Amino acid sequence: MTKKEVYKLIAESANYGNLGLFIGAGFSIAVSEISYNFEPLSWAELLERICIDNGILWNPKMDSKGKIEQEEDVKKDLNSCPEIASQICNLLRDKNDITFEEAVRTVKEQICNITSWYSNKEQRDIYGNKLKSLSPNWIVTTNYDLILETLLPEESISLSPKDEFVFPRNRIPIYHLHGIRSEPENIVITNEDYIALSRPHNYRMERLAFLFSESTTLMIGYRIGDQNVLTALDWSKNIYDPQNNNNQEYPHNIIQIVYTDSPRTDAYKTEKGILILETNSLIKTLDDIIESIIDLKDIQKEKNNSLDTLRETFLNPNEEQLNDFLSDENKRHEILTNIINEKEIAIASESFLSEVFNSAWEATKPDGAFEAYADILNIFIDIFKNFELQSFPPSIVMFFISNFERLCFYVNDVCGTSYKAYDIWKQEKDLFLEKNKEDIKTYSRWNWRIYSLLKRSNFISKQ
């Protein structure tokens, strides 16, 4: 895919209201580069700092593949930061003659002290405004710090692992997946902490899987390597039937911004289905995404203006527009299609249809005007043959059914009814869409006029 196509996907989610941000330490590092007033650390650097502060002779470093390299004085084969964190706690326990739990508590408190990073006004003006312009519905972060909260001081609410993922109206929840520096006891850092996260029905993991499945997730400053995040990504693919997963109305993707000195021109997909946007400038990429969001908002504004015009037409139709619906099949189909596609104007649509049917019923008032009943029936025949009833807003469906029920009394072959309407009904009823046939039968169960017409015309069994 081209990057512009990916930007459009993100913009569509922002417009839909299900864009989420998954933010890692790389974002905090990028923010610090704007104005150097703090020095965020990566996970490995944070563990290295803990070792230095506690006099532990261990200096883990990352190799080119993102794995931990151990110094020669550490004789244990460790492959992940949680394992290293647990080993640090073991070493600290032995060194200070304390329990493992006390060592863990000490390390977590030290982490909280180290991660006391906050953004300044310059950083808020740049990155805070960009985050607001992205219009995320939620933010999940693996960071312990409160940089995001300082970038969005009035727009956000901070959630720790002990909190449910709920939030007030017009506030962006910032959910700290691995804990928050203000609550040392809830921080996830050791291998034991991660094992606890993997227990069945763990709220954090299941909630994250649903967020991935039901949102477009934009990952910023985060390289996927965390086993729990990988697990949540895998779960998210199995929440719904894979055969129907691509037919959902809402936009949903996993998109990762990856920093590199020589970025590819186009986006590409990994074997896990994650869209990768390579960049050598996070600010430039965010600006490009925001531009797409603004462009889509302009398009949506034009659509809203068109809807306002259509709404006004429906609320105040003239005689010609009413006659067009009654007598011109093409115009009628155009109007009915608008009613189906633009459910935002359901109330105005019902007002328009009321005017139409009031006019049609008015034509039945003169004595002997039985032809007018056939004209009304022809409208319903047209609808039943070409439009599924359930595709209309529910209020419109009930409007049609109530008017059809009124008409059914006059569709008969007895004195005082419309013979012509009854002949039309018998000729056309078998041509209705199958779904409409079933719906009409369903409505007849509690509506005796509809039931009577269906029974005497063999639309339903006489038994």
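The values are calculated or read from the model by the stated rules, or taken from the named source; none is laboratory data. Since the model is a prediction, treat every value here as computed from it, not as a measurement. A quick note on method: Cβ atoms are made from the backbone with ideal geometry, for glycine too, and the neighbour counts reach across all protein chains shown. Heavy atoms of the whole protein, side chains included, go into the accessibility calculation; ligands, DNA and RNA do not. Shrake-Rupley method; radii C 1.70, N 1.55, O 1.52, S 1.80 Å.
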Out of Ile195, Ile174, which single residue is of a type in the set (Val, Ile, Thr) and part of a helix (DSSP H, G or I)?
-> Ile195
Report yes if some residue within the stretch 446-458 is open to solvent by less than 20 Å² (accessible area, probe 1.4 Å), over 30 Å from Glu334 (Cβ atoms), part of a loop (DSSP other than H, G, I, E, B) and in contact with a Lys or Arg (Cβ under 7 Å, 6 or more places away or on another chain); otherwise report no.
-> yes
Taking into account only those residues within the stretch 416-445 that are at pLDDT below 95, outside any helix (DSSP H, G or I) and not small (Gly, Ala, Ser), which is least open to solvent (accessible area, probe 1.4 Å)?
-> Thr417
Inside the stretch 155-171, can you point out the residues that are within 16 Å of Leu134 (Cβ to Cβ) and either at pLDDT below 90 or among the small types (Gly, Ala, Ser) (or both)?
-> Ser156, Asn170
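Yes/no matrix, rows are residues, columns are (1) touching a strand residue (DSSP E or B) at 6+ places or on another chain (Cβ under 7 Å); (2) among the aromatic types (Phe, Trp, Tyr); (3) over 30 Å from Lys301 (Cα atoms):
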residue	(1), (2), (3)
Asn323	no, no, yes
Ser349	no, no, no
Ala360	no, no, yes
Tyr373	yes, yes, yes
Ile376	no, no, yes
Would you please list the contacts, defined by Cβ atoms under 6 Å and residues six or more apart or on different chains, that run from a residue in the stretch 13-36 that is without any contact (Cβ under 8 Å) to a residue 40 or more places away in the chain and in a helix (DSSP H, G or I) to a residue that is surrounded by fewer than 23 Cβ atoms within 10 Å (Cβ to Cβ) and of a type in the set (S, T, N, Q)?
-> none
Residue identified as at pLDDT 90 or above and touching a Ser or Thr at 6+ places or on another chain (Cβ under 8 Å) among Ile293, Ile299, Ile220, Ile239 | Ile293
Check on Ile174, of a type in the set (A, V, I, L, M), at pLDDT 90 or above and more than 21 Å from Ala30 (Cα to Cα) = no
Only one residue in Glu342, Glu334 is free of Cβ contacts under 8 Å to residues at least 60 places away in the same chain, out of contact with any Phe, Trp or Tyr (no Cβ under 9 Å at 6 or more places or on another chain) and open to solvent by 100 Å² or more (accessible area, probe 1.4 Å). Which one?
-> Glu334
Give me the pairs: first residue in the stretch 300-329 and part of a helix (DSSP H, G or I), second residue among the basic types (Lys, Arg), beta-carbon distance under 9 Å, and six or more apart or on different chains, which are they?
-> Gln321/Lys331; Asp324/Lys331; Asp324/Arg332; Phe325/Lys331; Phe325/Arg332; Leu326/Arg332
Keeping to the stretch 387-404, report how many residues are open to solvent by 10 Å² or more (accessible area, probe 1.4 Å) and either over 17 Å from Val356 (Cβ atoms) or without any contact (Cβ under 8 Å) to a residue 12 or more places away in the chain (or both).
-> 6
Does Ile283 satisfy being in contact (Cβ under 8 Å) with a residue 60 or more places away in the chain, under 14 Å from Thr216 (Cα atoms) and of a type in the set (A, V, I, L, M)?
-> no
For the stretch 364-373, indicate whether the set of residues that are acidic (Asp, Glu), within 24 Å of Phe314 (Cα to Cα), open to solvent by 10 Å² or more (accessible area, probe 1.4 Å) and not in a loop (DSSP other than H, G, I, E, B) is non-empty.
-> no
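Return the residue satisfying two criteria in turn: it lies in the stretch 261-292 and is under 14 Å from Val6 (Cα atoms) and small (Gly, Ala, Ser), and of such residues it is least open to solvent (accessible area, probe 1.4 Å). Talk me through it step by step, then tell me what you get.
As a first pass, look at the stretch 261-292 and keep what is under 14 Å from Val6 (Cα atoms): 264-269, 273-279, 285-292.
This time we only want the ones that are small (Gly, Ala, Ser), so: 267, 273, 292.
On the way: Ala267: 8, Gly273: 37, Ser292: 28 Å².
In this case the residue turns out to be Ala267.
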Mind listing whichever residues of the stretch 312-330 are surrounded by 15 or more Cβ atoms within 10 Å (Cβ to Cβ) and in contact with an Asp or Glu (Cβ under 8 Å, 6 or more places away or on another chain)?
-> Pro317, Leu322, Leu326
Every listed condition ((1) open to solvent by 20 Å² or more (accessible area, probe 1.4 Å); (2) at pLDDT 90 or above; (3) of a type outside the set (A, V, I, L, M)) holds for Tyr118 save (2)
So Ser461 fits all but one of (1) crowded, with 20+ Cβ neighbours inside 10 Å; (2) modelled with pLDDT under 95; what number is the exception?
-> (1)
Could you give every pair whose Cβ atoms fall below 6 Å, whose first residue belongs to the stretch 445-460 and is closer than 14 Å to Asn412 by Cβ, and whose second residue is assigned to a loop (DSSP other than H, G, I, E, B) and among the aromatic types (Phe, Trp, Tyr), counting only separations of at least 6 or pairs across chains?
-> Arg449/Phe409
State which residue is nearest to Gly26 (Cα to Cα) when the search covers only the stretch 118-160 and only residues that are of a type in the set (Asp, Glu) and more than 22 Å from the chain's Cα centre (by Cα).
-> Asp145
Among the candidates Ile180, Ile147, single out the residue that is in contact (Cβ under 8 Å) with a residue 40 or more places away in the chain and of a type outside the set (D, E, K, R).
-> Ile147
Candidate set from the stretch 161-206 (those that are closer than 29 Å to Phe100 by Cβ and within 19 Å of the chain's Cα centre (by Cα)); member that is surrounded by the fewest Cβ atoms within 10 Å (Cβ to Cβ) | Glu206
